[in-house]
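Sending over a structure as structure tokens; questions will come in a sec.
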Amino acid sequence: MRATLLIENIGELATPVGSSARAGARMRELRIVRDAAVAVDVETIAWAGPASELPRLDGPPPERVDARGGAVVPGFVDSHTHFVFGGYRDDEFFWRAEGLPYMEIHARGGGIANTVRDTRNASAEELEASAAARLERMLGLGVTTVEGKSGYGLDLETELRQLEVMRLLDARQPVDIVSTYMGPHSIPVEYKGNPSGYIDFAIREVLPRVKEGGLARFCDVFCERGVFELDDSRRFLEAARSMGFGVKLHADEIVRLGGAGLAAAVGAVSADHLLKASDDDLGAMAEAGVVATCLPLTAFSLREPYAPARAMVDRGLAVAVASDLNPGSCYSQSIPLAAALAVLYMGMTIEETLTALTLNAAAALGLAGDRGSIEAGKLADLLVLDAPSYRHLAYHVGMNLVGAVVKRGKIVGVRA
Ligand code: NIG
Ligand code: FE
């Protein structure tokens, strides 16, 4: 067997298995191998299993990683972020800490609108530089694939600029970037009181350009009371689908509007947030195979009750966990804190949490076929932990345990 990289002295290999989302109780089924090794051939995993059974290699591998008895898990997939933006909104963070609700700030013309102004005023170079720094931090936390949304431009030019920055960054640094056009993120001042007019604009003027430039794989909408309600959301998502985009929704985050049910009806790949989703709508999602993406860092930052992840898994949904990194509701890319919150406050087991951060998050991006687990033939995206077990990912609360990151078979980050 040919190997360009051999990872040895793995105390514990822990990974979900499969090429599609794992739902319900199957989220808890990990493959766990003690005293393991992983052989990598260029970009992909050639073999993973007990070190004692490693097939004979054609020659000494040019590169080796010594896991020093630590655990190895798949690279994290952060399937929901807004990492390209201008400016900051620290004021708002402290207003919320004093009790001002997120949507009240939004309704007063603050919130997203401030980031829209700062993003419109930022050059592509400025956006790229700040986004690159955020990606570097994510990579250090073990994120090997990230989704990024537009939605801080709202006009044609700035939306395209955000998406182009993501395309450039995808080529210029190791983390794979999956782009989402999220024009309907907020109603711009130009369309105040006229969300339907803005949706018409997004469908007629922006979607064709995004399509033509191959700038996004998905489209997303902030389906929320006072932002884009069900009819406008549906119209946008159906138009996007008919043009070949995959679709996602910010659904039932603040108010129970029925976004989760809409996700099922339009065949969305995921519905995200879901803090207030109804039981019936969650059932419809389970039936339609929509991944339920929970964003515990946002609930934490907004001091809202967490999404009912325990109940979701128990009723057979495939749950993913992502960061929602953005300058407003949740300025954090802390996968370690998300993992701890998932276990402590959303009632997920650590096995479910690992699946939610890897294979199911990959499924939420339509990528479970080539990543999200450590299996022969998949991309060699994996993490060596400075800890003896994957269980420490939640137990060592809020701490980064990533010692080394292997991305597409290359060592891209190593502990000192
Ligand atoms: O996922 N809810 C809407 N969108 C983001 C927040 C964006 C912002 O506040 O800038 C979210 O929470
Ligand atoms: Fe979001």
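Could you pull the Cα extents of the stretch 12-117 along its three principal axes, largest to smallest, in whole Å?
Rounded to whole Å, the extents work out to 66, 36, 26 Å.
What residues qualify as long-range amide H neighbours of CYS223, i.e. H under 5 Å apart, gap of 5 or more or another chain, H built at 1.01 Å from N?
When sequence neighbours closer than 5 places are left aside, the close amide H contacts are HIS250.
Under the Karplus relation 6.51 cos²θ - 1.76 cosθ + 1.60, θ = phi - 60°, what is the ordered set of whole-Hz ³J(HN,Hα) values for the stretch 184-189, x standing for Gly and Pro?
Coupling constants for the stretch 184-189: x, 9, 6, 8, x, 3 Hz.
Next up: For LEU207, what charge total do you get from the other residues with a beta carbon under 12 Å from its beta carbon, if Lys and Arg give +1 and Asp and Glu give -1? Numbers along the way, then the final one.
Values: positive: ARG204, ARG209, LYS211, ARG235, ARG241; negative: GLU159, ASP200, GLU205, GLU212, GLU238.
So the surrounding residues net to 0.
Taking the simple approach of a point 7 Å from Cα along Cα-to-Cβ for both ALA107 and SER123, what is their distance in nm?
So the label points at ALA107 and SER123 sit 4.1 nm apart.
What does the net charge come to around ASP381 if you take all other residues with beta carbon closer than 11 Å to its beta carbon, with K and R at +1 and D and E at -1? Could you put the intermediate results ahead of the total?
Details: positive: ARG371, LYS378, LYS407, ARG408, LYS410; negative: GLU43, ASP176, ASP370.
In short, +2.
Taking every DSSP beta bridge with both residues inside the chain, roughly what % is antiparallel (nearest 5)?
Values: 26 of 57 bridges.
Among the beta bridges of the chain, antiparallel pairing accounts for roughly 45 percent.
What FRET efficiency comes out for ASP231 versus ALA133 if R0 is 51 angstrom and r is the Cβ-Cβ distance? Round to the nearest 0.05. If you can, show how the numbers build up before the last one.
Values: r = 39 Å, r/R0 = 0.77.
Taking R0 as 51 Å, the efficiency between ASP231 and ALA133 is 0.80.
Compute a Gaussian network model of the chain, connecting alpha carbons closer than 10 Å, and tell me which residue from SER130, SER233, SER332 fluctuates the most.
Residue with maximal mean-square fluctuation among SER130, SER233, SER332: SER130.
While we're looking at this one, here's another question. Could you order peptides 242-251, 265-274 by the average number of other Cβ atoms within 10 Å of their residues, highest first? Mind dumping the intermediate values first?
Values: 242-251: 21.6, 265-274: 24.8.
The packing order, highest mean first, is 265-274, 242-251.
List residues of the stretch 383-414, by number, whose backbone nitrogen lies under 17 Å from a label position 7 Å along Cα→C-beta of VAL42.
407-411
Can you check what the Kirkwood hydrodynamic radius comes to for the chain, Cα pairs only, in Å to one decimal? Intermediate results must be reported in sequence, preceding the final value.
Values: mean 1/r = 0.0469 Å⁻¹.
The Cα-based Kirkwood calculation yields 21.3 Å.
Also, I was wondering about something else. Can you tell me the FRET efficiency between ASP200 and ARG315 if r is taken as the Cβ-Cβ distance and R0 is 22 Å, rounded to the nearest 0.05? Display every interim value, and only then the final one.
Details: r = 37 Å, r/R0 = 1.69.
Given R0 = 22 Å and the Cβ-Cβ separation, E is 0.05.
In whole Hz, what ³J(HN,Hα) sequence does the stretch 371-387 give by Karplus (6.51, -1.76, 1.60; θ = phi - 60°), x for Gly and Pro?
7, x, 8, 9, 8, 3, x, 7, 4, 7, 10, 8, 10, 9, 8, 7, 7
Further, regarding this structure: If packing is taken as the average count of other Cβ atoms within 10 Å, what order do 217-224, 84-91, 95-102, 337-344 fall into, highest mean first?
Numbers: 217-224: 25.4, 84-91: 19.2, 95-102: 13.5, 337-344: 23.5.
Highest to lowest by the protection proxy: 217-224, 337-344, 84-91, 95-102.
Mind ordering 385-397, 151-163 by average Cβ neighbours within 10 Å, highest first?
Details: 385-397: 19.4, 151-163: 23.1.
Most protected by this proxy first, the peptides run 151-163, 385-397.
Would you mind checking which residues have amide H under 5 Å from LEU257's amide H? H placed 1.01 Å from N; only 5 or more apart, or other chain.
Correct list: ASP252.
What is the calculated FRET efficiency for LYS192 to PHE93, with r their C-beta to C-beta distance and R₀ = 25 Å, to the nearest 0.05?
0.50
Taking a point 7 angstrom from the Cα of GLN173 along the C-beta vector, which residues in the stretch 390-416 have backbone N less than 20 Å away?
The answer is 400-416.
Let me ask something else. Have a look at ASP118, ASP78, ASP252 and tell me which one the Gaussian network model of the chain (Cα, springs below 10 Å) gives the largest fluctuation.
Most flexible of the set in this elastic network: ASP118.
Test of understanding: what is the full-extension gain from GLU287 to ILE32, defined as 0.36 nm times their sequence separation minus their Cα-Cα distance? Intermediate values should be presented prior to the final figure.
On the way: separation 255, 0.36 × 255 = 91.80 nm, distance 2.94 nm.
Taking 0.36 nm per residue and subtracting the Cα distance, the gain is 88.9 nm.
Now for a separate question. Using the Karplus curve 6.51 cos²θ - 1.76 cosθ + 1.60 with θ = phi - 60°, work out ³J(HN,Hα) for each residue of the stretch 195-201 in order, rounded to whole Hz, and write x for Gly and Pro.
Per residue, the Karplus-derived 3J(HN,Hα) values read x, 5, x, 5, 4, 4, 4 Hz.
Readers should treat all values here as calculations from the given coordinates under stated rules, not as data from a laboratory. Keep in mind that what you see is a predicted model, and the values were worked out from it rather than measured. Glycine gets a Cβ as well: all are built from the backbone with ideal geometry, and neighbour counts include every protein chain shown.
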